[in-house]
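Engineer: Submitted below is the structure of interest, expressed as structure tokens.
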Amino acid sequence: MALDVKIFVRDIKLTDRIHDYVEKKVSKLDRYLSDINDARVDLAFIKSARDANDRYVAQITIRGKGFVLRAEERADDIFSAFDMALPKVQRRMRRFKGKHFKQRNGSFEADEVIADMFEMLEDDIGPEIVRRKHFMLTPMNELEAIEQMDLLGHELFFIFLSANTGQINVLYKRHDGRYGIIEPEIA
């Protein structure tokens, strides 16, 4: 069964060249994991990006039985962004596969597990906090928060103090272009 690849674009024309390139590369991902249900590739051009080198965004999402793996990269052209996101999702797939050892006849595939572990050590440095920000929260309503988010060029989320509730909220942009709000509560 061929891997179902869905390609979505925002502010980019999906040319045959882009479509064929992406589909050819992503359709090979089922080599890494056999239980993939579908693959989604989102390609976008972000006009408001602070750095011109970050205007093109490629996000690859792999869905399977009991898992979702995602990688996103930005670059100055869509092919570069996609080419950087692809190995990232491949590493995540190998890591996921390594964490879910496959057992055959009661024994683990030792060579595969060891190879995956060494590759993870070489490829993935791990999460690293590279910047910390402090800012003042000004009370505002939800529409003002959306406006501020757009004015600041924040594409993913915006933290604000709700004028209605006095609580800290997180405004985020959904993949369909609409907005959502997270209202955290202390447990």
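Engineer: In sequence order, what are the phi-derived ³J(HN,Hα) couplings for region 8-14 according to the Karplus relation 6.51 cos²θ - 1.76 cosθ + 1.60 with θ = phi - 60°, rounded to whole Hz, with x for glycine and proline?
Structural biologist: Computed from phi, the couplings for region 8-14 are 10, 10, 9, 6, 9, 7, 7 Hz.
Engineer: How far, in nm, would the chain grow between Leu151 and Asp35 when pulled straight, counting 0.36 nm per residue and subtracting the alpha carbon separation?
Structural biologist: 37.5 nm
Engineer: Determine the shape class of region 136-187: with a ≥ b ≥ c the square roots of the Cα gyration tensor eigenvalues, call it rounded for a/c under 1.5, and otherwise prolate if a/b is greater than b/c, oblate otherwise.
Structural biologist: Here region 136-187 falls in the oblate category.
Engineer: Counting other Cβ atoms within 10 Å, which trypsin sites (Lys or Arg not before Pro) in region 128-187 have at most 10 and lie in a DSSP loop?
Structural biologist: Working: sites: Arg131, Arg132, Lys133, Lys173, Arg174, Arg178; in loops: Arg131, Arg132, Lys133, Arg174, Arg178.
Within region 128-187, the qualifying trypsin sites (Lys or Arg not before Pro) (loop, at most 10 other Cβ atoms within 10 Å) are Arg131, Arg132, Lys133, Arg174, Arg178.
Engineer: A further question on this structure: Take every Cα-Cα pair in region 4-99 and report what % of them are more than 20 Å apart. Intermediate values should be presented prior to the final figure.
Structural biologist: Values: 1518 of 4560 pairs.
Of the Cα pairs, 33 percent sit more than 20 Å apart.
Engineer: Of Tyr21, Gln90, Ser48, which is farthest towards the positive pole of region 4-99's charge dipole, taken about the Cα centre with +1 and -1 on the beta-carbons of Lys, Arg and Asp, Glu respectively?
Structural biologist: Checking the options against the dipole of region 4-99, the answer is Gln90.
Engineer: While we're here: Of the listed pairs Lys13/Lys65; Lys28/Lys65; Lys24/Lys88; Lys6/Lys88; Lys25/Lys97, which have alpha-carbon separations greater than 23 Å here?
Structural biologist: Over 23 Å apart, Cα to Cα: Lys13/Lys65.
Engineer: Defining a contact as two alpha carbons under 8 Å apart and six or more residues distant in sequence, what relative contact order in percent does region 139-182 show?
Structural biologist: Reported as a whole number, the value is 32 percent.
Engineer: Enumerate the amide H contacts of Asp4 below 5 Å, restricted to partners 5 or more residues apart or on another chain; note that Pro and chain-start residues carry no placed amide H.
Structural biologist: Those lying under 5 Å, H to H, from Asp4 are Ala39.
Engineer: Could you give the length gained on full extension between Asp83 and Gln167, defined as 0.36 nm per residue of separation minus the Cα-Cα distance, in nm?
Structural biologist: Separation in residues times 0.36 nm, less the Cα-Cα distance, equals 26.1 nm.
Engineer: For the pair Ile7 and Lys47, what calculated FRET efficiency results from E = 1/(1 + (r/R0)^6), where r is the Cβ-Cβ distance and R0 = 25 Å, to the nearest 0.05?
Structural biologist: 0.75
Bear in mind these aren't lab numbers, they're just calculated from the coordinates by the rules spelled out. Everything numeric in this text was worked out from a predicted model, so none of it was measured. So basically every Cβ, Gly included, is an ideal-geometry build from the backbone, and we count neighbours across all protein chains shown.
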